[in-house]
Amino acid sequence: MNEPNKDRVRRPTVALCVTGSIAAFKAVEIVRALVTRGVRVLPVLTRSGAKFVGRATFTGLCAEPAREDMWDPSFPGELHIHLATEADVVVVAPATADVIARMVQGRADDLVTALLLCSRAPIVVAPAMHPRMFAHPATQRNVRQLREDGRATIVGPVVGPVANGEVGLGRMADPVEIAAAALSLLGPRDLAGRRLLVTAGPTVEDIDPVRFVGNRSSGRMGFAIAQRAALRGAKVTLVAGPVELPTPPGVERVDVRSALQMQAAMHGVLGADGSGADAVVMAAAVADYRPAHASTTKHKRGAERISLELEPNPDLIAQLGASRAGRRPVLVGFALETAQGDDLVRLAREKLERKRVDLVVANAAQESIGLATNRAALVTPTGEDRLGELDKGELADRILDRVRDLLAEA
Ligand code: CTP
């Protein structure tokens, strides 16, 4: 059995600080915009923030406990330090005049300000208050100072009706725009407009209705690639063998069982001429063989020794490598070997040439199967890059950096 967190691919994380403005209800939409793009949101409320929207709403939507109390007895440790360390970006939305003033002064008198003081992540601040409060010289001075301090991106406020019906500059910016500011700080959108076909997981080849030939692929590497590619703006189709992993947000998923079904699903995406994707990342552990005669009824036990006749499956990526004209789609294969070091790289290079792909991600089985981390080498026709031990999410990003560069060249 796996330990609870061992296999978690680290997701990009935003701490969302909700302070006491009527616009707090719109923070729910910011959560939605982030969560649907695969971002983990850690909700943190000030005492007044919690008066506007209940903690249960944020806990439910984020699937993370909404925090309010610096001295939360349910958390073993220093909560503000934990949150500051986890968050890649901190969003303060809505940001009241009061929280902005406290940020500028470097106060740490509640969980939100302590977290902000402790974090080294970029901050998005979305002011929301009555226009006269925003126009006040003190607030103007504070906002200016926040800008000069250099870590905060200030989004809004905008002109519009505020809670009491008056119109002026003080209304919180559109939640989607605030989420977009956080997303752009989380990482590049360097795969925007690119169509990626990613395969993941094992294929399972039936012997009879209850037995099959399979392998130990967990699907986590392929799912991490699909997730990161979608976050980086790609349109991703994920063809997945039987695995119990949630579909990454924004990714279109096609479930298959056997290698032949995977072939058909890929064909459905790529079309006859392979033009349906700009890149194919073949992370699936496709079975090389399938039973020659799958039975429709269950094999009965007998006393004699039996043998199972297997016939080869098509090599899906090699077929694409052989049939593509030019360098589209870009092809990325994997080589999972029991060899290590130079032998691993040599075997990967052989695969690269035999299958006519652009990049092979070489893994040693003992350093990847069932683990959250991977030690891989990226092998191309011109060289190799031996990476250290990386989280599967980080490795996904390194592979996608190469895909981006190959697409620019192709
Ligand atoms: N692959 C494929 N179709 C197959 C088998 C493998 O597309 N029928 C792809 C895998 O998805 C992977 C790459 O080929 O990207 C290498 O898979 P691997 O199993 O390591 O290589 P094989 O060609 O099966 O070679 P061997 O088992 O002899 O190492």
- Answer from G326, G219 - the residue that is touching a Leu at 6+ places or on another chain (Cβ under 6 Å) and at pLDDT below 95: G219
- Task: Take the stretch 11-29 and flag every residue that is assigned to a loop (DSSP other than H, G, I, E, B) and within 18 Å of the chain's Cα centre (by Cα).
- Result: R11, P12
- Query: With respect to E311, is the statement that it is under 29 Å from I207 (Cα atoms) and not aliphatic (A, V, I, L, M) true?
  - Reply: yes
- What strands (runs of 3 or more DSSP E), lying completely within the stretch 191-251, carry at least 1 residues that are under 21 Å from L310 (Cα atoms)? 205-208, 211-213
- Task: Any residue in the stretch 278-289 that's closer than 19 Å to N215 by Cα and in a strand (DSSP E or B): show its pairings with residues that are open to solvent by 30 Å² or more (accessible area, probe 1.4 Å) and not small (G, A, S) at Cβ separation under 6 Å, as long as the two are six or more apart or on different chains.
- Result: A285/N215; Y289/L310; Y289/P312
- Looking at (1) more than 14 Å from the ligand (Cβ to nearest atom); (2) open to solvent by less than 60 Å² (accessible area, probe 1.4 Å), can you tell me which one K300 breaks? (2)
- Query: Which is surrounded by 17 or more Cβ atoms within 10 Å (Cβ to Cβ) and over 22 Å from V286 (Cβ atoms), of R220, R189, R194?
  - Reply: R194
- Message: Just the residues that are out of contact with any helix residue (DSSP H, G or I) (no Cβ under 6 Å at 6 or more places or on another chain), open to solvent by 30 Å² or more (accessible area, probe 1.4 Å) and within 9 Å of the ligand (Cβ to nearest atom), please, taken from the stretch 315-341.
- Response: D315, Q319, L320, F334
- Task: Taking the options D401, D385, name whichever one is in a helix (DSSP H, G or I) and either within 12 Å of the ligand (Cβ to nearest atom) or free of Cβ contacts under 8 Å to residues at least 24 places away in the same chain (or both).
- Result: D401
- Message: Can you pull out every residue in the stretch 37-83 that is among the aromatic types (F, W, Y) and within 20 Å of A27 (Cβ to Cβ)?
- Response: F52, F58
- Message: I need the full set of residues from the stretch 274-288 which are open to solvent by 10 Å² or more (accessible area, probe 1.4 Å), in contact with a helix residue (DSSP H, G or I) (Cβ under 9 Å, 6 or more places away or on another chain) and more than 9 Å from the ligand (Cβ to nearest atom), in order please.
- Response: G274, G276, D278
- Query: What pairs can you find where one residue is in the stretch 130-151 and farther than 21 Å from G20 by Cα, the other is open to solvent by less than 70 Å² (accessible area, probe 1.4 Å) and assigned to a helix (DSSP H, G or I), and their Cβ atoms are less than 7 Å apart, with a gap of 6+ or different chains?
  - Reply: Q145/V104
- Determine, yes or no, whether V357 is more than 10 Å from the ligand (Cβ to nearest atom), among the β-branched types (V, I, T), touching a residue at least 24 places away in the same chain (Cβ under 8 Å) and open to solvent by less than 40 Å² (accessible area, probe 1.4 Å). no
- Query: Is at least one residue of the stretch 320-330 part of a helix (DSSP H, G or I) and of a type in the set (S, T, N, Q)?
  - Reply: yes
- Kindly list, by first and then second residue, each pair from a residue in the stretch 193-216 that is closer than 19 Å to I369 by Cβ and modelled with pLDDT under 95 to a residue that is away from the ligand (no atom under 16 Å from the Cβ) and open to solvent by 10 Å² or more (accessible area, probe 1.4 Å), limited to pairs with Cβ atoms under 8 Å and residues at least 6 apart or on different chains. R216/G370
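The values are calculated or read from the model by the stated rules, or taken from the named source; none is laboratory data. Model, not experiment: these values are computed from the prediction. We place every Cβ from the backbone using ideal geometry, glycine too, and count neighbours over all the protein chains shown. For accessibility, only protein heavy atoms count, side chains too; no ligands or nucleic acids. Shrake-Rupley method; radii C 1.70, N 1.55, O 1.52, S 1.80 Å.
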